[in-house]
């Protein structure tokens, strides 16, 4: 008999729950509302009178919104559901008391987070393709998007495993995710920022996603950003898997 | 089957388990009886790999709980104190995920059999949030039995359920015991320990203070209890070895008297000076 990979039931559980969420339109609305507001307010409003690097502001903004939205959705759903499942519903304990290994649990959780991030991104991409002729989806764009979802879903696991209460996840979001959404080049280019601020900005992984996702092809700057993203992704994944392995009450 | 040697576990300044030691035989229903906070759930968490003890050793079927966690997880089924089901999934989906996690083969058929054993087959496609507390408890029992574990841990299996549903859960546990499986139950219900367990360990402040069959434990304090309220309304109890001795005591009592057989609560009171509940 063909053996089922250990991550599959973890992933399947999340997908069954996700399907039920999708059937309630509230989820779709909450995933879409923030990026659409930004798109309308900044893109269609401000964007008409602003140009970035010779292109329309809308063409600059849409990849940034895809990066931001994929980050938010990959991260938040994993962090929040893992915290709740571990601390309140105790359903996470079903995983750790099963023979499935910690890496498999990590893979299942991260893949589920990626699906949620990709789903939200697909909606923004669709709006972008309809609203701007300057916006296109390249192979590098897709690779960056996948990497970004993987990275932030892994970070979501770390938050979900470390949070001591559900309020903790909001604190992590306010201190790390929210500043990253606004200062990592989603809404404006960061290359002209003051030197000290720039140093902080370039530590943030989303900055490198924003650099890479806007490249037509991989150049020197893009390669550095790709390597930084890979390093972050690997570090977050390994640390998340370690937290699951060491889990104890 | 299970050997617990000198396990200690602290949560900050609170010592949950204090050099706890006991053994459980293959095929027996073993009860850990004690008040809330005695260390029962911590013991189950240690034995089911959810908590790591600060010191001590636990062996299940020859495997070390600390060093062979995956091996242990293949042997055990757990019914935790909380109904940790996915409330937004159906009964079948909950069983499916659990079965896959435990590598159960012929899963569809096995889920059907397990749900039938707890009278939930006709509800398999119902979302769990629509289930009553008793139905959720039965579903967790069916889920824990799905991989046919050698040892089944039940942490307060009937807590919060009304008496009729509690008896239904007991009937299911009795059926499980007939299969020759080792069952470990924690409870603070005297009747539950007496009704289900071959042997009972009484636990208090993380230490085992008595361990024997319910009959032997009761015999150790005397078989009968004479009870009456004195003139200040305070409950007076006296234990005697025989029914005849009890009735003699009752004759001399100053108020209306009840003579009853002793129970595990009397054992607990005699050992600790406190009541379990």
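The values are calculated or read from the model by the stated rules, or taken from the named source; none is laboratory data. These numbers were taken from a predicted model, which means no experiment stands behind them. A quick note on method: Cβ atoms are made from the backbone with ideal geometry, for glycine too, and the neighbour counts reach across all protein chains shown.
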Handout entry: In segment A:132-144, the residues that are surrounded by 14 or more Cβ atoms within 10 Å (Cβ to Cβ) and assigned to a helix (DSSP H, G or I)
Key = A:140, A:141, A:142, A:143, A:144
Handout entry: Qualifying positions in segment B:229-268 - in contact (Cβ under 8 Å) with a residue 24 or more places away in the chain, within 28 Å of residue B:209 (Cα to Cα) and touching a strand residue (DSSP E or B) at 6+ places or on another chain (Cβ under 9 Å)
Key = B:237, B:239, B:259, B:260, B:261, B:262, B:263, B:264, B:266, B:267, B:268
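Of all strands (runs of 3 or more DSSP E) completely enclosed by segment B:150-266, which ones contain at least 2 residues that are under 23 Å from the mean Cα position of the chain (by Cα)?
B:151-155, B:182-187, B:199-204, B:207-212
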Problem - Criterion (assigned to a helix (DSSP H, G or I) and touching a helix residue (DSSP H, G or I) at 6+ places or on another chain (Cβ under 8 Å)) met by exactly one of B:51, B:114 - result: B:114
Exercise for the section: Determine if segment A:60-72 includes at least one residue that is buried (at least 16 other Cβ atoms within 10 Å of the Cβ), more than 14 Å from chain B (Cβ to nearest Cβ) and touching a strand residue (DSSP E or B) at 6+ places or on another chain (Cβ under 7 Å). Expected result: yes
Exercise for the section: With the checklist (1) without any contact (Cβ under 8 Å) to a residue 40 or more places away in the chain; (2) over 18 Å from residue A:5 (Cα atoms); (3) within 13 Å of chain B (Cβ to nearest Cβ); (4) not in a loop (DSSP other than H, G, I, E, B) in hand, flag the one item residue A:89 doesn't pass. Expected result: (4)
Problem - When residues of segment A:37-59 are limited to those that are crowded, with 18+ Cβ neighbours inside 10 Å and part of a helix (DSSP H, G or I), the one farthest from the chain's Cα centre (by Cα) - result: A:47
Exercise for the section: Report yes if some residue within segment A:112-124 is within 14 Å of chain B (Cβ to nearest Cβ) and surrounded by 22 or more Cβ atoms within 10 Å (Cβ to Cβ); otherwise report no. Expected result: yes
Exercise for the section: Could you tell me whether segment A:27-34 includes any residue that is within 14 Å of chain B (Cβ to nearest Cβ) and modelled with pLDDT under 85? Expected result: yes
Problem - Verdict on residue A:147 being in a loop (DSSP other than H, G, I, E, B) and in contact (Cβ under 8 Å) with a residue 40 or more places away in the chain - result: no
Handout entry: In segment B:1-51, residue surrounded by the most Cβ atoms within 10 Å (Cβ to Cβ) [restricted to those that are without any contact (Cβ under 8 Å) to a residue 60 or more places away in the chain and at positive phi]
Key = B:49
Practice task
Would you confirm whether any residue within segment A:222-237 is within 18 Å of residue A:80 (Cα to Cα) and surrounded by 13 or more Cβ atoms within 10 Å (Cβ to Cβ)?
Solution key: yes
Handout entry: Elements of type helices (runs of 4 or more DSSP H) contained in segment A:153-221, each with 2 or more residues being under 30 Å from residue A:137 (Cβ atoms) and in contact (Cβ under 8 Å) with a residue 24 or more places away in the chain
Key = A:178-183, A:205-213
Exercise for the section: Consider only pairs whose beta carbons are under 6 Å apart and that are at least six residues apart or on different chains; among these, list those whose first residue lies in segment A:5-17 and is at positive phi and within 8 Å of another protein chain (Cβ to nearest Cβ) and whose second residue is in a helix (DSSP H, G or I) and at pLDDT 95 or above. Expected result: none
Handout entry: Set B:190, B:202: member being at pLDDT below 90, buried (at least 16 other Cβ atoms within 10 Å of the Cβ) and under 29 Å from residue B:17 (Cα atoms)
Key = B:190
Exercise for the section: Give the residue that is nearest to the other protein chains (Cβ to nearest Cβ), with candidates limited to residues of segment A:96-107 that are crowded, with 24+ Cβ neighbours inside 10 Å and assigned to a helix (DSSP H, G or I). Expected result: A:105
Practice task
Taking the residues in segment B:87-103 that are in a helix (DSSP H, G or I) and within 7 Å of another protein chain (Cβ to nearest Cβ) as candidates, determine which candidate is surrounded by the fewest Cβ atoms within 10 Å (Cβ to Cβ).
Solution key: B:100
Completion exercise
Picking from B:122, B:106, the residue that is surrounded by fewer than 21 Cβ atoms within 10 Å (Cβ to Cβ), farther than 24 Å from residue B:31 by Cβ, without any contact (Cβ under 8 Å) to a residue 24 or more places away in the chain and within 11 Å of chain A (Cβ to nearest Cβ) would be B:106
Exercise for the section: Check whether at least one residue in segment B:137-145 is buried (at least 21 other Cβ atoms within 10 Å of the Cβ), more than 10 Å from every other protein chain (Cβ to nearest Cβ) and assigned to a strand (DSSP E or B), and report yes or no. Expected result: no
Practice task
Output the number of residues of segment B:59-72 satisfying the condition of being within 21 Å of the chain's Cα centre (by Cα) and either farther than 16 Å from residue B:152 by Cα or in a loop (DSSP other than H, G, I, E, B) (or both).
Solution key: 2
Exercise for the section: Looking only at segment A:148-158, decide whether some residue is over 21 Å from residue A:33 (Cα atoms) and more than 13 Å from the chain's Cα centre (by Cα). Expected result: yes
